[in-house]
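What follows is a short report on a single structure.
The values are calculated or read from the model by the stated rules, or taken from the named source; none is laboratory data. Every value quoted in this text rests on a predicted model; they were computed, and no experiment measured them. Ideal geometry is used to build each Cβ from the backbone, glycine not excepted, and the neighbour counts take in all protein chains shown. In case anyone asks, the SASA skips ligands and DNA or RNA and just uses the protein heavy atoms, side chains included. Shrake-Rupley method; radii C 1.70, N 1.55, O 1.52, S 1.80 Å.
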6 protein chains.
Amino acid sequence: MRILLVNSNTSDVVTGKVAAAARAAASPGTEIAAVTGTFGARVIGTRSEHAIAEHSTIALVAKHAPGCDAVVIAVSYDTGLRGARELLGVPVVGMTEAGLLTACMLGGRIGLVTFGRRVLPLYQELVASYGLADRVAGWRTLESTAAYGPGGHPELDREIVGAANDLVARDFAEVVVLTGAVMAGVPARLQPDVPVPVVDCIVAGVRQAELLARLALPKPRAGSYAPPAGRELVDVDPAIAARFGDAGQ
Amino acid sequence: MRILLVNSNTSDVVTGKVAAAARAAASPGTEIAAVTGTFGARVIGTRSEHAIAEHSTIALVAKHAPGCDAVVIAVSYDTGLRGARELLGVPVVGMTEAGLLTACMLGGRIGLVTFGRRVLPLYQELVASYGLADRVAGWRTLESTAAYGPGGHPELDREIVGAANDLVARDFAEVVVLTGAVMAGVPARLQPDVPVPVVDCIVAGVRQAELLARLALPKPRAGSYAPPAGRELVDVDPAIAARFGDAGQ
Amino acid sequence: MRILLVNSNTSDVVTGKVAAAARAAASPGTEIAAVTGTFGARVIGTRSEHAIAEHSTIALVAKHAPGCDAVVIAVSYDTGLRGARELLGVPVVGMTEAGLLTACMLGGRIGLVTFGRRVLPLYQELVASYGLADRVAGWRTLESTAAYGPGGHPELDREIVGAANDLVARDFAEVVVLTGAVMAGVPARLQPDVPVPVVDCIVAGVRQAELLARLALPKPRAGSYAPPAGRELVDVDPAIAARFGDAGQ
Amino acid sequence: MRILLVNSNTSDVVTGKVAAAARAAASPGTEIAAVTGTFGARVIGTRSEHAIAEHSTIALVAKHAPGCDAVVIAVSYDTGLRGARELLGVPVVGMTEAGLLTACMLGGRIGLVTFGRRVLPLYQELVASYGLADRVAGWRTLESTAAYGPGGHPELDREIVGAANDLVARDFAEVVVLTGAVMAGVPARLQPDVPVPVVDCIVAGVRQAELLARLALPKPRAGSYAPPAGRELVDVDPAIAARFGDAGQ
Amino acid sequence: MRILLVNSNTSDVVTGKVAAAARAAASPGTEIAAVTGTFGARVIGTRSEHAIAEHSTIALVAKHAPGCDAVVIAVSYDTGLRGARELLGVPVVGMTEAGLLTACMLGGRIGLVTFGRRVLPLYQELVASYGLADRVAGWRTLESTAAYGPGGHPELDREIVGAANDLVARDFAEVVVLTGAVMAGVPARLQPDVPVPVVDCIVAGVRQAELLARLALPKPRAGSYAPPAGRELVDVDPAIAARFGDAGQ
Amino acid sequence: MRILLVNSNTSDVVTGKVAAAARAAASPGTEIAAVTGTFGARVIGTRSEHAIAEHSTIALVAKHAPGCDAVVIAVSYDTGLRGARELLGVPVVGMTEAGLLTACMLGGRIGLVTFGRRVLPLYQELVASYGLADRVAGWRTLESTAAYGPGGHPELDREIVGAANDLVARDFAEVVVLTGAVMAGVPARLQPDVPVPVVDCIVAGVRQAELLARLALPKPRAGSYAPPAGRELVDVDPAIAARFGDAGQ
């Protein structure tokens, strides 16, 4: 099986981290292909950058999904998820969507740790868009950007552990989801210091993508996820135009 | 006052209709500038086209909003609304958002008429994203594309009137919102045949944009709508790069 | 255009303040008429006073709305809003309703500052009745009554600014609504010290009333906001009886 | 025990019916006092009449509640409930509130039968205001006014039975609440023809009022239901003024 | 009237306390029969113990309900409520359900005091299952098990009073529900120190059971609460088998 | 990997069907062990039977889960899910829970087909308990019991296909979940006749159980899913007593 990881950030650093974590998480025999956005923000961190990256996700999947069995949106805002899901014939999951739904099966209400006050509302809107707002026990937000740098980040680790434990102690969280593509691999390292399961969204994303691919359910032929057909687009990437069966004048 | 109408469809036909309706609706002294998308779908009608158009909206407002006092997203999915609102220093309203919030002040639950079964879920998600799902009395969807053609469309008019009256009779709607940029100007024509107010989203959008511009509230300096600063983007339209204070390598 | 401000408190002091703020906010050419309740509480601050004032609002609008193009309920509980909206042929908005809906277009979740612990539940019920509970980031309540006195109130100003900033810092509010008719004019003064927009409900109310009046939508002929007809009432103010087309025996 | 039934309609006919049903329902030793509004609508059926009747309820309870152990609002919109509950030292229940909460203990989702399309939204808002919207299976509305006339009304009975059975068959209602003060006594008569319990709101109201009176819980000393104190009102009924400890100038 | 109190804990201590409180609360002429579980947890305090006790409740009511006019589930998780309600021909109420619904009639939002952090999520799920989550002002949890011991527990009393007052002060609770069968009788003792009503769930349960019994509504003949008929069960208590009209092979 | 399928019905027929479908669905190397309840209903179809089966699930998993890597509750009411999840050190998923969460990743709103009007409310309560009520597009219920008989059931197949297509056509469902353990294997057969994915809950359950087992997240040490410890139970199955570290007197 071949799974495409789509990072619509335009920074290879995170792609490398995510791909490594995905490979470690994947089943034997699953191949991970990871691609990085070619236009837009280095690290998506604002609403307008997210809007640009919606397009980038479509361009990336139009070009790179052929030959893949499933796709994981490896941006923690699940940027472009619904559009890609519609466009492609193979399953598409968002990393945060997969993390949240997996957490639901671990029982109880979910505590979320996010990075950056500024983007907290985006995560709240994302969770609400999945209809899962009532499953949330609470939110904690950390400001550190240390995770983007090289090497370990013990201080950040301590902050994350502190936030997770506070969610358990004060908000009665029964599972913690650690958001952010750059956090791939971190939950396993911190798990011993947190008394409830900590979900790694990349791990969940890869695993759920494998699961959906194996279910081999058909592409919808009706509704808003049916393949777009007979559409006319202009001045888009040839790979996008090809998906729409259109010359992309 | 100068208001920018942003049509991220790449079809001038709708832009012309919307601009005419907007000019008819605007206050004396309000100038309407209308722009059309340069890439993406002729008429946005799928999730992936919507994703591409999110970027298009950002590109359009980055280039054309300077010198304007407010912006109306003149695509009925309010495509790119949150990103544009963040990016710009002037108010931005979505036409459907404005239609819904205006309808709220007319009292009671809202009936919505949409075009095309396929996109109904997008509207449901849009309304839910505004926290207004509980204000909805019901939905009706029509399949006609007659409105995009030239001349009148009396048969479609009859269908719309029928749908609106059915929302009143069976779902107890107390106000009707007619979605779709191409519907600009239609509500006034059909109003006599519907016993509750029918809201024209372009009219509501232009009026609410004027209202917000006159309030002259400051741009947020905190939170997810504060101006993005110190961001690094690559290969984006120079107008976008300029808004981010970045060379857009 | 002529807009009626209805203050169903029986105290002229607030009416004067509100009217001045409304005149400052209104468009050129808009005339503001402000009326004060003739029976009931000096300052509505309890549930039973609010119940009495529901009647008072009806009596005031029945008598004073003729000749006006729109009505603003200038009591922050929007007392009598739904009844007045039904009774009159012109648009009626509640000041808090208008403030909340306007805030919705500024983006994100709303922080509310209210006065008096005792009435906080009334505001919570009011916001919920508009279907907007999910848009609320948090509440702060202040106990000061300084605003009703003459002159400035710098200490209260500091408390309001503190509450607003706390809503931003701890509850991630992206816009603040300052409730209370007596607060008319205050948001503009405090805005420089708050990093997100602060909405003045009287300003929003007057502007939205103007907007609705200009839309010139018809009075509903069906549903719960259609004009009451063929009703029989006893011992009510002749102005009310006249509206119901009844002699008011 | 003495229970006050408050009918803020100004029509004795309904008062008589309600009082008879209440007496039949009450425990041995419970005395029923029933009072009728002195101003406002003969039969409340519109939003503005409801607003006037909010005041009427306060006036009636201020005058007649002394000496009573509990109060039942015998208008099916529970008009003035929250204000009366605040004002009085004894329990106050709304007939529809009591019917709904009693129905909750019978299990499952509730079907509601209401009279008059026009007022359906008022009932929907009322149920939502109690936080019980999710308990509703469905609504049916009948237009007959036969119940206000003398004698039996077999045709209306058939319509009610039909509506109730339809709620069971199509909406999976597991209990039916029949709204309307004038319906007092009807559920018992129709029960044999409906396969789920049919709740009589007057019966539920009287029984719940007795229950609350026997609990003998103290009047709140904090919050929005604490007794209003030190308030200043003008030109209100002396009985109201007396309750507020004020001369009612 | 004879009311059965079902304690599916297997500890007589709590049964005795609950029965005493129930007898003190019941109307003259109401006889209280109290039974204790014969298998499962001494004191239900975990999810798996609760699952076992669901069965225990069915066994207890199958055996002991005959001859009773109503049943109160005297375990604060309302264990087995829905099953018992279906199985029996007489009304069944849960003590916490009754406490919450009674609290709803006292007005405003409800503060809940629970015992043991571990079980807080069970209470949250219980309240949500009744559709009452929006009526909750806040939760407080205490860890003391002193209430299970003999004699008074003044320290615990102080903690409860502190929690209740904190719910009023910080979460604007307008009524407090004290959960836990072992708390029967405690609210009356602590009421003087709390400024809003404190509901005793056993008292509420007994009173609501009496009320429902007196309503004498018929057993549903349709829906999920109709009597199970023609069912086949194996290896169950003969009393259960008898209820199902089956030999319990 | 070894997965335990728990059928707390006391009928081997369904166990056999479910086990066969589970084996067909499982990954290579996954062994399926399936157990059947020893007491309670042949086919759980009422609330009281469900309550008894809650206990049965606990008894089954206490006895049979040792040596397994994950558990699937193979009763479509997910009977005993939360208790088993708490009790065991390995992941436990409910078949309907897994079907719903998997459906969430296929996009859009979910249509559910259930068997038997009587149990529809149980499914509605189950979905609501997962916080997923807003993801539901609609419900259809069929009365056939043909699936429990031997051989094919083409008429039932046609009914299911009809219900699924009606959910798509009228309720805009974008994915269909077919409930009922006895339906294992049916979705694959009917999929060609339904234009959106049809989820097989047993397949989803087995796959999600595998996924969770491979994640190897630790057992919670805090909260309501931590292992029960130091508990005292009486007269329970020795296997249950052993899990609680107690002699089960």
Conditions (1) on the phi > 0 side of the Ramachandran plot; (2) more than 12 Å from chain F (Cβ to nearest Cβ); number of the one not met by residue A:172: (2)
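Are any of the residues in the stretch B:93-104 of a type outside the set (D, E, K, R), over 14 Å from the mean Cα position of the chain (by Cα) and more than 24 Å from residue B:49 (Cα to Cα)?
Looking for residues that are of a type outside the set (D, E, K, R), over 14 Å from the mean Cα position of the chain (by Cα) and more than 24 Å from residue B:49 (Cα to Cα), one finds at least one in the stretch B:93-104, hence yes.
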All positions within the stretch E:201-211 that are facing another protein chain (nearest Cβ under 7 Å) and under 18 Å from residue D:108 (Cα atoms): E:208
Given (1) free of Cβ contacts under 8 Å to residues at least 40 places away in the same chain; (2) open to solvent by less than 30 Å² (accessible area, probe 1.4 Å); (3) of a type in the set (A, V, I, L, M, F, W, C); (4) out of contact with any helix residue (DSSP H, G or I) (no Cβ under 9 Å at 6 or more places or on another chain), number of the condition residue A:186 does not satisfy: (4)
First in the stretch B:40-66 and more than 7 Å from chain A (Cβ to nearest Cβ), second anywhere and of a type in the set (D, E, K, R) and assigned to a helix (DSSP H, G or I), Cβ under 6 Å, 6 or more apart: B:62/B:243
Hits in the stretch E:69-97 - residues which are in a loop (DSSP other than H, G, I, E, B) and crowded, with 24+ Cβ neighbours inside 10 Å: E:74, E:75, E:76, E:77, E:78, E:79, E:80, E:91
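Is it fair to say residue A:112 is in contact (Cβ under 8 Å) with a residue 40 or more places away in the chain, of a type outside the set (S, T, N, Q) and open to solvent by less than 10 Å² (accessible area, probe 1.4 Å)?
On the way: in contact (Cβ under 8 Å) with a residue 40 or more places away in the chain: yes; of a type outside the set (S, T, N, Q): yes; open to solvent by less than 10 Å² (accessible area, probe 1.4 Å): yes.
So residue A:112 passes the test.
Condition check: closer than 21 Å to residue D:211 by Cα, open to solvent by less than 10 Å² (accessible area, probe 1.4 Å) and outside any helix (DSSP H, G or I). Does residue E:107 satisfy that?
Details: closer than 21 Å to residue D:211 by Cα: yes; open to solvent by less than 10 Å² (accessible area, probe 1.4 Å): yes; outside any helix (DSSP H, G or I): yes.
Yes: the conditions hold for residue E:107.
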Failed item in (1) of a type in the set (S, T, N, Q); (2) open to solvent by less than 20 Å² (accessible area, probe 1.4 Å); (3) at the interface with chain B (Cβ under 10 Å from one of its Cβ atoms), with residue C:165 passing the rest: (2)
Qualifying positions in the stretch B:189-216 - touching a residue at least 12 places away in the same chain (Cβ under 8 Å), of a type in the set (Gly, Ala, Ser) and open to solvent by 10 Å² or more (accessible area, probe 1.4 Å): B:213
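Would you point out the residue of the stretch F:127-141, among those that are touching a residue at least 24 places away in the same chain (Cβ under 8 Å) and not hydrophobic (A, V, I, L, M, F, W, C), that is nearest to the other protein chains (Cβ to nearest Cβ)?
Of the stretch F:127-141, the ones touching a residue at least 24 places away in the same chain (Cβ under 8 Å) are F:127, F:130, F:132, F:135-141.
In the following step, the residues that additionally are not hydrophobic (A, V, I, L, M, F, W, C) were identified as F:130, F:135, F:138, F:140-141.
Values: F:130: 7, F:135: 5, F:138: 12, F:140: 12, F:141: 9 Å.
Out of the qualifying residues, it is F:135.
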Residue count, the stretch C:212-236 (criterion: modelled with pLDDT under 95 and on the phi > 0 side of the Ramachandran plot): 2
Subset of the stretch B:67-81 (residues that are under 12 Å from the mean Cα position of the chain (by Cα) and touching a residue at least 40 places away in the same chain (Cβ under 8 Å)): B:71, B:72, B:73, B:74, B:75, B:76, B:77, B:78, B:79, B:80
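Can you pull out the residues in the stretch B:212-225 that are in a loop (DSSP other than H, G, I, E, B) and at the interface with another protein chain (Cβ under 7 Å from one of its Cβ atoms)?
Within the stretch B:212-225, the subset in a loop (DSSP other than H, G, I, E, B) is B:216-225.
Once the filter is applied, which keeps residues that are in a loop (DSSP other than H, G, I, E, B) and at the interface with another protein chain (Cβ under 7 Å from one of its Cβ atoms), the stretch B:212-225 yields B:217, B:218, B:220, B:221, B:222, B:223, B:224, B:225.
Yes or no: the stretch C:231-241 includes at least one residue that is within 26 Å of residue C:5 (Cβ to Cβ), of a type in the set (Val, Ile, Thr), away from chain D (no Cβ under 14 Å) and open to solvent by less than 10 Å² (accessible area, probe 1.4 Å).
Filtering the stretch C:231-241 down to residues within 26 Å of residue C:5 (Cβ to Cβ) leaves C:233, C:236-241.
Retained after the next criterion (residues that are of a type in the set (Val, Ile, Thr)): C:236, C:240.
Now drop any that are not away from chain D (no Cβ under 14 Å), which leaves none.
Taking every residue of the stretch C:231-241 in turn, none turns out to be within 26 Å of residue C:5 (Cβ to Cβ), of a type in the set (Val, Ile, Thr), away from chain D (no Cβ under 14 Å) and open to solvent by less than 10 Å² (accessible area, probe 1.4 Å).
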Residues satisfying the stated conditions in the stretch F:138-156, i.e. touching a helix residue (DSSP H, G or I) at 6+ places or on another chain (Cβ under 8 Å), open to solvent by 20 Å² or more (accessible area, probe 1.4 Å) and over 17 Å from residue F:181 (Cβ atoms): F:139, F:140, F:143, F:155
Residues of the stretch C:33-55 satisfying the condition of being assigned to a strand (DSSP E or B) and surrounded by 18 or more Cβ atoms within 10 Å (Cβ to Cβ): C:34, C:35, C:36, C:40, C:41
Residues located in the stretch B:102-126, provided they are within 11 Å of chain C (Cβ to nearest Cβ) and either in contact with a Ser or Thr (Cβ under 8 Å, 6 or more places away or on another chain) or β-branched (Val, Ile, Thr) (or both): B:102, B:107, B:108, B:110
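Of everything in the stretch F:13-32, what is outside any helix (DSSP H, G or I) and either within 13 Å of chain E (Cβ to nearest Cβ) or touching a helix residue (DSSP H, G or I) at 6+ places or on another chain (Cβ under 7 Å) (or both)? Give them in sequence order.
Of the residues in the stretch F:13-32, the ones outside any helix (DSSP H, G or I) are F:26-32.
The answer is F:26, F:27, F:30, F:32.
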The stretch F:6-27 residues that are more than 15 Å from residue E:232 (Cα to Cα), paired with ones that are crowded, with 20+ Cβ neighbours inside 10 Å and of a type in the set (Ser, Thr, Tyr) (beta carbon under 6 Å, 6 or more apart): F:6/F:57; F:7/F:15; F:7/F:36; F:15/F:36
